[in-house]
Amino acid sequence: MDFLIPPDLKEEVDRFRRFLKNSFAAELAAWHRSGKLPKAFYAELGRGGWYGTVFADGRLSRKPALREALIAEEFAKVSPGAAIAALAHADLGLMGLTLFGSDFLQNRYGEKTVRGETVMCLGNTERQAGSDAAAVAMRAEPAPGGWWLSGAKAYVTNGAAADLAVVTAVTDAAAARNSRHSMFLVDLGCEGVRRTRLNKQAWIPSDLSRLEFERVFVAEDHLMGERGRGLAQVLTIFTHSRVPIAALALGTASGAFELALERASRRTIFGRPIAQFQAKAFEIADLHARIEAARLMVWRACAAMESGEDFRLEASAAKYLAVEAARTTAAWAADLFGAASVIGDHPIHKYPLDAWAASLGEGTQDVQKLIIFRELMKRVAE
C-alpha cells in the first residue's frame, strides 16, 4: 500500500480548508450557540461537491474513499458536530440510495441529494434496537400499491432537517430473524410523520430526532433493494460509513490535540512552558503516536474498500482505534486547559463530548471488537 497522498488529493484537501474558512468560519460559532444548522448548510456543501458522491447519467457513484476520509478529518477538526450532519446525509442516507436505490429512485432523487438541496437521513435505531439491529420492530404492512409504515425510530441524526429517510421495517414477521426486515425510502413530508427534536449535548449543532410513523404510505417503487434483505442492507451501509466516521473521530482527536499542543508550547507554569515538563512531553509523544497509528488504519480501510475485498475487519479496526485516540486525546486536552474547558464558548469544550459520541455511531467499541474478532477468525479459517 502506498501511504503517500497523491498531489491531486492534497489539493482537494487544501481547497476544502479554504472552503470551510470562506463559507462557514464566520457562522460556526453562532450555529454552535443556537444548536441548529440552517438548511443552506447542506446545499453549500453540495455546491462545493463535498459529499463524496457523483450523479451522472441517472445513476449515483462514489468518489475515492481516501478523499472522503481526508475531508471528514479536516471537517471534524473544526466542528465534529457540523461534520456528523454532513456525514449522516452523505454516508448514511445517500449511501443507502447509492447502494440499494433502484434506477427509478436514483434518477428521481439523485441529483438533488448530491447537491444537498434534498437532505437525507437513516432511521434504524429504536429504543429496543441499537447494537442488535435485528430487533427493529417498526412494521410495514402491505397496502394497495405499496406499504403502510407504523412505528418509531429513536435517535436519527438529521431527523429534523431531512426531506428523505432510509428506514428499516418488519415486512415478514414469520420469517427467520435475519430475513424479517426490508428497507424503504420515505418522504418525511408525508402525512403521518411526526418529528421530535431531542435535547442532546454532543455533536452540536447537528440535530438528533425521534421520528414517529403512523400509517405512513410508501409506494411499492420506494422499496430499496430486496424484500427481506433490509437487515443485511443496513449492516452494509454501516460497514461503509464506519470508515468516514472513523475519519471524523480522527479529526476530533487531531483538532483537540492541535489546540492543546499550542497551549502546552506557550502557556508557562512555574517559569517554563508546560510542554517542557517531561511528564507532559511524554504524554504529547504518546498521543501523537496514537493519532498517527489510527490515521494509518483509516487509510488502510480506505484502500481495502477501494480494492473490492471484504473490508469489514479494516473498517471496524479503523473506527475502534480512531475512537480510542479521540477519547484519550480529548480528555487529556480538556485537562490541559483546566477550568476553561467547561466554558461552552471555549474551542476545547466540544471535543470530549464529541469524542464520546463518536464511539456510539455505527456501533459501540464493544461492537467493533466483536466484529474484529469474528472477521479475524474467518480469515484464520480460510
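Descriptive notes on the structure:
- Output for region 348-370, where each listed residue is surrounded by fewer than 23 Cβ atoms within 10 Å (Cβ to Cβ) and among the aromatic types (Phe, Trp, Tyr): Trp356
Rundown of residues vs (1) at negative phi; (2) out of contact with any helix residue (DSSP H, G or I) (no Cβ under 8 Å at 6 or more places or on another chain), yes/no style:
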position: Lys21; (1), (2): yes, yes
position: Ala26; (1), (2): yes, yes
position: Ala29; (1), (2): yes, yes
position: Ser34; (1), (2): yes, yes
position: Leu45; (1), (2): yes, no
position: Phe55; (1), (2): yes, no
position: Gly58; (1), (2): no, no
position: Arg62; (1), (2): yes, no
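- Only listed residue being at pLDDT 95 or above, crowded, with 23+ Cβ neighbours inside 10 Å and charged (D, E, K, R), chosen from Arg242, Arg290: Arg242
- If you filter region 293-333 down to residues that are closer than 24 Å to Met95 by Cβ and among the β-branched types (Val, Ile, Thr), you find that the one that is surrounded by the most Cβ atoms within 10 Å (Cβ to Cβ) is Val298.
- Matching residues in region 325-356 - criterion: being of a type in the set (Asp, Glu) and touching a helix residue (DSSP H, G or I) at 6+ places or on another chain (Cβ under 6 Å): Asp354
- Qualifying residue in region 9-22 (condition: assigned to a helix (DSSP H, G or I), within 22 Å of Gly159 (Cβ to Cβ) and touching a Phe, Trp or Tyr at 6+ places or on another chain (Cβ under 9 Å)): no
- Meets criteria (of a type outside the set (Val, Ile, Thr) and either buried (at least 17 other Cβ atoms within 10 Å of the Cβ) or not in a helix (DSSP H, G or I) (or both)) for Arg379: no
- For region 167-177, the condition of being of a type in the set (Val, Ile, Thr) and under 30 Å from Arg290 (Cβ atoms) holds for none of the residues.
- Residues (assigned to a helix (DSSP H, G or I) and more than 34 Å from the chain's Cα centre (by Cα)) located in region 267-298: Ile274, Gln276, Gln278, Ala279
- Leu248 vs. criteria touching a Phe, Trp or Tyr at 6+ places or on another chain (Cβ under 9 Å), part of a helix (DSSP H, G or I) and hydrophobic (A, V, I, L, M, F, W, C): yes
- Test for Asp354: is it part of a helix (DSSP H, G or I), within 16 Å of Trp203 (Cβ to Cβ) and modelled with pLDDT of 90 or more: yes
- Only a single item in (1) touching a Pro at 6+ places or on another chain (Cβ under 6 Å); (2) within 22 Å of Ala247 (Cβ to Cβ) is not met by Gly35, and it is number (2).
- Selection status of Glu44, surrounded by 14 or more Cβ atoms within 10 Å (Cβ to Cβ), charged (D, E, K, R), over 25 Å from Asp103 (Cβ atoms) and more than 21 Å from the chain's Cα centre (by Cα): no
- Of the residues making up region 16-37, one or more are of a type outside the set (A, V, I, L, M), farther than 30 Å from Arg197 by Cα and more than 21 Å from the chain's Cα centre (by Cα).
- The lone exception for Thr236 - which of (1) within 30 Å of Phe100 (Cβ to Cβ); (2) loosely packed, with under 15 Cβ neighbours inside 10 Å; (3) not assigned by TED's automatic domain parsing to the domain that holds Asp187 it fails: (2)
To keep it simple, each residue is scored yes or no on (1) free of Cβ contacts under 8 Å to residues at least 60 places away in the same chain; (2) under 14 Å from the mean Cα position of the chain (by Cα); (3) within 19 Å of Asp207 (Cβ to Cβ).
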position	(1), (2), (3)
Asp57	yes, no, no
Ala65	no, yes, no
Asp91	no, yes, yes
Ser102	no, no, no
Ala137	yes, no, no
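The values are calculated or read from the model by the stated rules, or taken from the named source; none is laboratory data. Keep in mind that what you see is a predicted model, and the values were worked out from it rather than measured. We place every Cβ from the backbone using ideal geometry, glycine too, and count neighbours over all the protein chains shown.
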